[in-house]
1. Return yes when B:Leu227 is in contact with a Pro (Cβ under 6 Å, 6 or more places away or on another chain) and open to solvent by less than 20 Å² (accessible area, probe 1.4 Å) and no when it is not.
2. In a helix (DSSP H, G or I) and either within 14 Å of chain B (Cβ to nearest Cβ) or within 15 Å of the chain's Cα centre (by Cα) (or both): which single residue out of A:Arg147, A:Arg137 fits that description?
3. So which of B:Leu191, B:Leu123, B:Leu142 is among the aliphatic types (A, V, I, L, M), surrounded by fewer than 24 Cβ atoms within 10 Å (Cβ to Cβ) and closer than 29 Å to A:Asn179 by Cα?
4. Counting only residues that are basic (Lys, Arg), give me the helices (runs of 4 or more DSSP H) lying completely in the stretch B:179-281 with at least 2 of them.
5. Is it the case that the stretch B:17-24 has a residue that's on the phi > 0 side of the Ramachandran plot and either more than 16 Å from ligand 2 (Cβ to nearest atom) or in contact with a His (Cβ under 7 Å, 6 or more places away or on another chain) (or both)?
6. Filter the stretch A:49-66 down to the residues that are within 14 Å of ligand 2 (Cβ to nearest atom) and assigned to a strand (DSSP E or B) and list them by number.
7. Checking the condition more than 22 Å from the chain's Cα centre (by Cα) and either at pLDDT 90 or above or of a type outside the set (Val, Ile, Thr) (or both), which residue from B:Asp368, B:Asp333, B:Asp317 passes?
Amino acid sequence: MTTATVTPRGTPGKQAEKKPETKAGKKPGNQADKQAGKQAEKNAEPQFIPNIVVFACNWCSYAGADTAGVNRVQHSPNFRIIRTMCSGRVTPGFVLKALQLGADGVLVSGCHFGDCHYQFGNYRAVELFEKTKGLVRTLGLEEGRVRLEWVSAAEGSRWGEVINEFEGQIKALGPSPLNLHPKRSGQTA
Amino acid sequence: MSTKKEQLKKSRANWCLECGKCTAVRPISQANGTYSPRRLLAEGLFYGGEDLVSDSSLWSCLTCQLCSARCPADVKYSNYMRDVREDAYKLGIGGQPTHSGAMQAVWDIQASPTLLPNRTEWLEPDMKVQNKGDFVYFVGCLPFYEPLFGKDFDFSPLSIARDTVRILNRIGIEPVVMDTERCCGHDVYWLGQQDKFETLARLNIEQIKASGGKTVITACPECALALDHLYNKHIGPTGFQVKHIAEVVADNLDKLSFNGYQSEVTYQDPCRLGRFLGVYDQPRKVLEAIPGVTLREMQRIKAGAICCGTTNWTHCDATSKQIQKRRLTEARDTGADTMVTACPKCQIHFRCARCSPEGSTIDIKVTDFVNVVAQALGLSGADCRAGE
Ligand code: SF4
Ligand code: FES
């Protein structure tokens, strides 16, 4: 489903090649490096391609991403979606784990207020996101690396805007300080 | 991986007299009748033990050392559990993290040397701290607990840090507070993640040395245990001594004049401060020195105290809640209105139990030792009587 969304027009073959890597998903950092490598070869100058993880709720935002794909909304392909049943499921632990494993930015996306499939899930998401922001700041990472957005199933174009905007924000911040070190702090079970 | 022979020698399991006291006293066994330390030891050491690494009982041990305190043969059960956890960690097996792994990620991220944490935002203008000096105040995880638990449990973990600095100032100590301090590594150590523990320990030792600290003061028993015993044992002589704030206050009682604090309190011995570090009397001495405070002791205290039911942000379940509720009931039955603990984690766990439907009927407040002292000195901004 998502593949359609992130495929830049005219390069479907390439996307298909990349897919297994995305699926393996264990070392997003390495993939960013590889992508960065490819890009560098093409442009002959290294460029920072952010590694963005998006948590999208099943009922609105994930469908919104799908709409963006169906409507061929042009937007950056540098993100990976993780589908959750509701934005209220995305606890600070999820977001921090993504950052720890090499994400440069994490976007949490859910339904607009009043539209949550579970009624109050996105109010819960706001509370959880406040905690996440506090932890991110104390850890010494920029608060701008995490973001909470509401995108409905019909808002394909808005999805594209949000993604592009967030990518710009992360590009401005540069790579996560955790990715500057060659060996990451390790994986816990 | 250590061999069975080494583990047997270290754990002293062959000295077991089969008296069964360890099962009888263990907080877990009391709430969950099938849990037996002896059986796990035997399973691990004599019957293969392949299953023990993937057994969830491995992670439910609270490492509170109560069984060792009672054992006539000095069998080191908690330490054995820790060694098996190290084996499990090497095989990629871990316990079930609580709070969806938020604290686990916080430790792991802090182990990255390129990170520059931002941990001193909570300091207020009236607090006197310095960049270099003999005394270091090691804050620990409090700045992380603030966003994570403050709202849910209706208290401010950082008030413990603020009050500690104010008390130290009153005593005449201007401590160093390190902006880029790391997690002390206590929890990763007990989860068997030796490599992470060593990384965190080295980062901390380096900073403390750079600050010129000769005495490290902390308001967290786990930090005290890690900085004192664990660093010296696993990294090498650190060259600084470590004190819990209760010891510092007890030593400086003559410099403090209390306004008073009207309350009947009972004191909860944190396992790390009591059984591990042997600090039982200092906090009691301080509490008794405060005019207006009556100390009422629970039935099981000091070396026999029951711990707060969960540890290392791993494996919190119905058994943990049972342990917490029993302890809260025991505290209430003393007739005290407040349970004072010297460990921020104890407070979080007991407050969590108070939020459960059953726990909310146990009418006792929970607060930190530091908050009580600061209030009695007229220093605290935090209302430590909150959290009903
Ligand atoms: S308390 Fe010590 S001697 Fe007694 S059964 Fe337990 S391990 Fe054996
Ligand atoms: S289902 Fe979309 S936010 Fe809850």
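1. No: the conditions fail for B:Leu227.
2. A:Arg137
3. Step by step, each of B:Leu191, B:Leu123, B:Leu142 is checked, and only B:Leu142 is among the aliphatic types (A, V, I, L, M), surrounded by fewer than 24 Cβ atoms within 10 Å (Cβ to Cβ) and closer than 29 Å to A:Asn179 by Cα.
4. Numbers: elements: B:186-190, B:194-210, B:221-225, B:231-234, B:245-251.
Answer list for the stretch B:179-281: B:194-210.
5. Yes, the stretch B:17-24 contains at least one residue that is on the phi > 0 side of the Ramachandran plot and either more than 16 Å from ligand 2 (Cβ to nearest atom) or in contact with a His (Cβ under 7 Å, 6 or more places away or on another chain) (or both).
6. Across the stretch A:49-66, the qualifying residues are A:Val54, A:Phe55, A:Ala56, A:Cys57.
7. B:Asp333
So that you can scan it fast, the table gives a plain yes or no per residue for (1) surrounded by fewer than 24 Cβ atoms within 10 Å (Cβ to Cβ); (2) aromatic (Phe, Trp, Tyr); (3) free of Cβ contacts under 8 Å to residues at least 60 places away in the same chain:
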| residue | (1), (2), (3) |
| --- | --- |
| B:Ala210 | yes, no, yes |
| B:Cys223 | no, no, no |
| B:His234 | yes, no, yes |
| B:Ile245 | no, no, no |
| B:Phe258 | yes, yes, no |
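The values are calculated or read from the model by the stated rules, or taken from the named source; none is laboratory data. Since the structure is predicted, the reported quantities are computational estimates derived from the model, not experimental observations. Counting neighbours? That spans all protein chains shown, and the Cβs are built from the backbone with ideal geometry, glycine included. To get the accessible areas, we keep the full protein, side chains included, count just its heavy atoms, and leave off ligands, DNA and RNA. Shrake-Rupley method; radii C 1.70, N 1.55, O 1.52, S 1.80 Å.
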